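Have a look at the structure below before the remarks.
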Amino acid sequence: MTRQRSERPSYRWVVLAVGAVAQGTNAAVFLGLPAITPQLRAHFGLSLPQVGMLLGAVNLGTMLTLVLWGAAADRRGERLVMAVGGFGAAGCLALAAFDGPVVAGMALVGVGMFGASVNAASGRAVLTWFPAQRRGLAMGIRQTATPLGAALAAAVLPVIALQAGVPVAFLVLGAFTGFVAIAVALWIREPPWAVRSGQGRHGVVLKDPDLIRLSTASGLLVVPQFTAAALMVELLHEHRGVAVGVAAGLFAAAQVSGGVGRLVVGVWSDRSATRVQPLKVLSVLIAIGFVLCAALDQAPVWVLAAVLVPTAALALCWNGVAITAAGELAPPGRTGIALGMQNTANYLSATITPPLAGWVAVGIGWPAALLLAAAAAVGARVLLAVPFAARELAPELT
C-alpha cells in the first residue's frame with residue numbers, strides 16, 4: 001500500500017479495523033484465559049487461589065507499563081509501539097507453554113507488560129485519525145472488540161485446551177497475537193497532522209487535575225462493571241438457584257448488550273454538547289440499577305434477572321466514551337500518556353473489585369455487594385459534576 005493512499009482521510013477505517021482487532025486479541029488473552037481455569041489447575045497442579053494469582057499476572061504486567069507505552073507512542077508513533085508490544089506478547093505466550101507454573105506466571109506478567117502497548121497506542125491511533133464528530137463511534141467500535149474478543153476466546157480456548165492441552169492453547173494465542181502484530185506493522189500509519197511529543201513534560205499530563213478526576217471517575221465506574229462480570233453468574237446460580245447454563249446465558253446476554261451499548265453511547269457522545277454528558281447520565285442509571293437489584297435480592301428470580309441483565313449491560317457500555325474524553329483532555333502530542341493514565345486506573349480497579357466484591361457478598365451479604373457497586377457509580381457522578389476542558393485532536397475531515 002502506498003504512502004499516498006495511507007494519508008487519505010478514508011484510511012482511518014483501516015487503522016480502526018486493525019486497532020480493533022488488536023484490542024480484541026489482547027482481550028482474548030487477559031479476559032479469555034479464565035475460561036480454561038479448570039484446565040490450568042489440572043495442567044499446573046494449582047489450587048483455586050493459586051490459579052487466581054496466575055490469571056492476575058496479566059493484569060499486573062499491564063498496570064506496570066500502560067503509562068510507559070503511552071509515552072512511547074507519543075514519541076515514536078503507534079506502529080512501532082504496537083508491533084514491538086505484539087511480538088513481545090506473542091513470545092511470552094509461547095514461553096508460558098513450555099514450563100511450569102512459576103515460569104508461566106512470569107511469562108504472563110510479560111504478556112501483560114507487552115500487551116499494554118495496545119491499550120494506549122491503538123486508542124491514540126483511532127483518536128488521532130478520527131474527527132471529533134465521529135470519534136465517539138470509532139472508539140465505541142474499538143471498545144466493542146474487547147467483549148467480542150473475550151467471548152470468542154471463551155468459546156474456543158476450552159475446546160483447544162481439552163482436545164490438545166493447555167500448552168497448545170497458549171501457542172494458539174501467541175500465534176494469533178504475532179499475526180496481528182504483523183498486520184499492525186503493515187497497516188498502521190500516522191496521519192499527516194499527527195503531533196509527536198519531545199523529551200520530558202510527561203509529568204504535566206500526569207498532574208493534570210481534570211485528567212486525574214476523569215481517570216478516578218473511570219476507575220469508580222469499573223467497580224460496578226467488574227462486580228457484575230465477576231459475580232453475576234454466582235449470584236444467580238449459587239444464591240438464587242438458577243441453573244448454571246441459564247445463568248451463563250443471561251451473563252452472555254448482558255455482555256452482548258453492553259457491547260452494542262458501547263456503539264450507541266459512542267454515537268450519543270458524538271451528538272452531545274459535551275463528551276462527559278453521557279457518562280453523567282450512565283453513572284446515575286448504573287447506580288439506580290444496582291440499588292434496584294439490591295432491593296430485589298429476594299424477589300422472584302425472573303424479576304431480579306429482568307433488572308440485573310440491563311444493569312450489567314449499562315455497567316459495560318460507558319468505557320469507550322471515557323477513553324475518548326481522556327484523549328481529548330490531553331495536550332498536543334500527549335494523547336498516549338493520557339490514555340495510559342486513564343487505563344491504569346481502570347486496570348487497578350478491575351484487579352481490586354472482584355475479590356473485594358466477593359468478600360462483601362460472603363461476609364456481609366449480596367445486597368451489600370450490589371450497593372457497593374451503586375455507591376461507586378454515585379462517586380463517579382460526583383467527580384464528573386465539575387465541567388472539563390476539551391480540545392480537538394485532529395482537523396474536521398469528512
Show the residue pairs meeting these rules: Cβ distance below 7 Å; 6+ apart or different chains; first residue within the range 116-137 and under 15 Å from VAL14 (Cα atoms); second residue among the polar types (S, T, N, Q) and part of a helix (DSSP H, G or I). SER122/GLN23; ARG124/THR335; LEU127/THR324; LEU127/THR335; THR128/THR335; ARG135/THR324
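So which of ALA175, ALA181 ends up being under 21 Å from GLY32 (Cβ atoms), touching a Phe, Trp or Tyr at 6+ places or on another chain (Cβ under 6 Å) and either surrounded by fewer than 24 Cβ atoms within 10 Å (Cβ to Cβ) or not polar (S, T, N, Q) (or both)? Reasoning before the result, please.
On the way: ALA175 fails: touching a Phe, Trp or Tyr at 6+ places or on another chain (Cβ under 6 Å).
After ruling out the rest, the residue left standing is ALA181.
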Residue hits (the range 11-66; part of a helix (DSSP H, G or I), more than 14 Å from the chain's Cα centre (by Cα) and either among the small types (Gly, Ala, Ser) or outside the structural domain of GLU78 (by TED's automatic domain parsing) (or both)) are ALA17, ALA35, ALA42, GLY52, GLY56, ALA57, GLY61
List pairs: first in the range 16-39 and in contact (Cβ under 8 Å) with a residue 24 or more places away in the chain and more than 10 Å from GLY149 (Cβ to Cβ), second of a type in the set (D, E, K, R) and part of a helix (DSSP H, G or I), Cβ under 8 Å, 6+ apart or cross-chain? LEU16/ARG142; GLY19/ARG142
Which residues, counting only those in the range 252-267, are crowded, with 19+ Cβ neighbours inside 10 Å and among the hydrophobic types (A, V, I, L, M, F, W, C)? ALA254, VAL265
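With respect to GLY140, determine if the residue is out of contact with any Lys or Arg (no Cβ under 6 Å at 6 or more places or on another chain), at negative phi, of a type outside the set (Asp, Glu) and assigned to a helix (DSSP H, G or I).
Numbers: out of contact with any Lys or Arg (no Cβ under 6 Å at 6 or more places or on another chain): no; at negative phi: yes; of a type outside the set (Asp, Glu): yes; assigned to a helix (DSSP H, G or I): yes.
Answer is no for this residue.
List the helices (runs of 4 or more DSSP H) inside the range 288-371, counting only whole elements, that have at least 3 residues being buried (at least 18 other Cβ atoms within 10 Å of the Cβ), touching a Cys at 6+ places or on another chain (Cβ under 9 Å) and touching a residue at least 60 places away in the same chain (Cβ under 8 Å). Steps first, answer last, please.
On the way: elements: 301-314, 319-329, 335-363.
Because the criterion is at least 3 residues that are buried (at least 18 other Cβ atoms within 10 Å of the Cβ), touching a Cys at 6+ places or on another chain (Cβ under 9 Å) and touching a residue at least 60 places away in the same chain (Cβ under 8 Å), the helices (runs of 4 or more DSSP H) in the range 288-371 that meet it are 301-314.
The values are calculated or read from the model by the stated rules, or taken from the named source; none is laboratory data. Being a predicted model, the structure only gives us computed values, none of them experimental. With ideal geometry, Cβ positions are generated from the backbone for all residues, glycine too; neighbour counts draw on all protein chains shown.
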